[in-house]
Each structure stands twice: as structure tokens, then as C-alpha cells.
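Novice: Structure provided below as C-alpha cells; questions to follow.
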Amino acid sequence: MELQQSGTDVPSDETPMDEPRRGWLLPVLLAAVLAAIVWFGLRNGKGSPQTTTEPASTGSTAAPLSQGETVSLQIDFGDGKLQEVAAIEWRQGMTVADLMERASRSPHGIAFTHQGTGENGFLTSLGDVANAGAGGSNWIYQVNGQHAQIGFFLYQLQPGDTILWKFGPEQ
């Protein structure tokens, strides 16, 4: 015996309850095909995930990492509080600007703004503290306790360097 539904014939031994069971077939087949494509792609060296710790370019071309070599960043807001950013992996040719970019993208990183690049680049704010301009407190950086003599876009770091940004009057 056959039933007539919306102009289509449905055998009598099939009930409307069987319809949802057929709905899983297409998604399962698609998942199997996708899994096979990914598996074959990875097996042949295609589609393997690419990871990088390279910061967005700030003007230097960094070489591959040297194992275990780092630089560190400290920030003195001039109010007695010192913030330290976890050690950042050092790269050949890395500048203070590259370090700042990497540190800003680290967990609990700190935001910064700047004007210009190269020899004309300078930091305008760090966190929520902005430069006051001539005669006021501004951000100045040191490397290993020594005041830097060139802009932070140009100063190339060495493994183990410690950079301190200090907010205060020029000295």
C-alpha cells in the first residue's frame, strides 16, 4: 500500500520518522571528504600551518630567532610604579620599536603611539600616559641603564638588553 503526499509517492513501510535520519548523511560525507583533503594535504607538506613570532615590520628585517636569547622591557610611569613585560625573544636586527610592537601584542601588552619613523620617529604615549611636550614630562628610554642617543626606531638591540622607558622631565 502507498500513501500520496504532496504529489510524491512514499512507500507504506516508510514513516515520516525516517526522514530526519537521512538528514545526517550529507554532513557526514562532507566532513569525511574535508578530513581526507586536509590529511592528504598535510601528508604532502601542503597546508601545514605556518606560525610566526615576527612582529609587524617597523623598518628592520629580522633574521630567525636565536635559541633562548631575549630582551626585556620595563616601564616607569613616574609615579613609583614599574611595569615589566615578560622577556621577548630577540632577533638579529631587532630595534627598540620592534620590541615595543612585540610587547604590545603579548598577553597583557601595553599600547603605545608614536609619530614618524626612522630617525624622525618618537614615542608620543605609552599606556594612557602621553608626552607633555617642551618643558613638561615626556617618555625617554634607556638601554642597560644608559640614555640612548638615537631614536627608538634605529636603536638595534643585543641579546640580554634591558630597555627602560621612563616618564619624567628631560635630564
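The values are calculated or read from the model by the stated rules, or taken from the named source; none is laboratory data. Everything numeric in this text was worked out from a predicted model, so none of it was measured. Glycine gets a Cβ as well: all are built from the backbone with ideal geometry, and neighbour counts include every protein chain shown.
Novice: Report those strands (runs of 3 or more DSSP E) wholly inside the stretch 83-171 carrying at least 1 residues which are touching a residue at least 60 places away in the same chain (Cβ under 8 Å) and either among the aromatic types (Phe, Trp, Tyr) or surrounded by 15 or more Cβ atoms within 10 Å (Cβ to Cβ) (or both).
Specialist: In the stretch 83-171, the matching strands (runs of 3 or more DSSP E) lie at 162-168.
Novice: Looking only at the stretch 131-153, filter to residues that are under 15 Å from residue 115 (Cβ atoms) and of a type in the set (A, V, I, L, M, F, W, C); which one of those is modelled with the lowest pLDDT?
Specialist: By that ranking, first place goes to 134.
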